[in-house]
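The numbers here are math on the coordinates, done by the rules we state, and not lab data. What you see is a predicted model, and the numbers here were worked out from it, not measured in a lab. Counting neighbours? That spans all protein chains shown, and the Cβs are built from the backbone with ideal geometry, glycine included.
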Amino acid sequence: MAYEVEKTDDEWRVELTPQEFHVLREAGTERPFSSSYETDETAGVYECRACGAELFRSDTKFDAHCGWPAFFSPLAGDRVELIEDVSLGMRRVEVRCARCGSHLGHVFEGEGFPTPTDQRYCINGVSLKLVPDAS
């Protein structure tokens with residue numbers, strides 16, 4: 001698939017830390033409870049760490065006790081790309097940035113969360129950058 005932002009792996013490696021590259025470009029996963037974003041309550045917009053696309057608002061973030069930042073919906077449906085993931089012997093839905101194709105995490109449905117969508121976008125904190133609202 002062609003993305004608005006396309007770079008070679010070498011170009012991404014220059015811009016991203018090794019951990020960011022592993023998660024964003026190689027579909028890795030950060031350790032649970034390692035991101036400060038999991039418990040951060042700052043109002044603002046979460047952007048893609050790789051390309052700066054606005055992905056999630058803080059008012060859709062909730063404490064899912066899963067070890068990663070969790071949101072009940074993206075900023076808009078066209079901001080993320082959902083792809084079936086059958087790796088690791090299970091069926092999941094991968095979440096990618098629709099602008100650059102970077103791996104963000106996975107989305108889960110029907111878990112009984114008290115949110116408007118009953119969805120949990122379980123997102124690697126290292127794949128995000130929080131831009132606080134202007135005070």
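General observations
- Restricting attention to the range 104-135, the residues that are in contact with a strand residue (DSSP E or B) (Cβ under 7 Å, 6 or more places away or on another chain), crowded, with 20+ Cβ neighbours inside 10 Å and not in a strand (DSSP E or B) total 2.
- All conditions in (1) closer than 24 Å to Asp133 by Cα; (2) of a type in the set (A, V, I, L, M, F, W, C); (3) in a strand (DSSP E or B); (4) in contact with a Lys or Arg (Cβ under 6 Å, 6 or more places away or on another chain) hold for Phe56, with the sole exception of (4).
A quick yes/no check of all residues on (1) under 15 Å from the mean Cα position of the chain (by Cα); (2) basic (Lys, Arg):
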{"position": "Gly52", "(1), (2)": "yes, no"}
{"position": "Ser87", "(1), (2)": "no, no"}
{"position": "Arg92", "(1), (2)": "yes, yes"}
{"position": "Cys100", "(1), (2)": "yes, no"}
{"position": "Asp118", "(1), (2)": "no, no"}
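- Among the residues of the range 1-48, those that are outside any loop (DSSP other than H, G, I, E, B), more than 19 Å from Pro69 (Cβ to Cβ) and acidic (Asp, Glu) comprise Asp9, Asp10, Glu11, Glu15, Glu26.
- Pair list, Cβ under 8 Å, 6 or more apart: the range 61-73 residue closer than 16 Å to Gly44 by Cβ, other residue assigned to a strand (DSSP E or B) and small (Gly, Ala, Ser): Lys61/Ala70; Phe62/Ala70
- Of the numbered criteria (1) assigned to a helix (DSSP H, G or I); (2) of a type in the set (Lys, Arg); (3) under 26 Å from Ala134 (Cβ atoms), the one Arg99 fails is (1).
- Residue count for the range 81-94 satisfying the condition of being free of Cβ contacts under 8 Å to residues at least 12 places away in the same chain and either among the polar types (S, T, N, Q) or not in a helix (DSSP H, G or I) (or both): 5.
- Total residues in the range 65-80, condition closer than 16 Å to Cys122 by Cβ and either touching a helix residue (DSSP H, G or I) at 6+ places or on another chain (Cβ under 9 Å) or part of a strand (DSSP E or B) (or both): 10
- A search for C-beta distances below 7 Å between a residue of the range 95-107 that is on the phi > 0 side of the Ramachandran plot and any residue that is charged (D, E, K, R), counting only pairs 6+ apart in sequence or on different chains, returns nothing.
- Any hit, the range 8-18, residues being surrounded by 15 or more Cβ atoms within 10 Å (Cβ to Cβ) and touching a Gly at 6+ places or on another chain (Cβ under 7 Å): no
- For Val5, the conditions (1) out of contact with any Asp or Glu (no Cβ under 8 Å at 6 or more places or on another chain); (2) surrounded by 17 or more Cβ atoms within 10 Å (Cβ to Cβ); (3) of a type in the set (A, V, I, L, M); (4) more than 16 Å from Tyr121 (Cα to Cα) all hold with the exception of (2).
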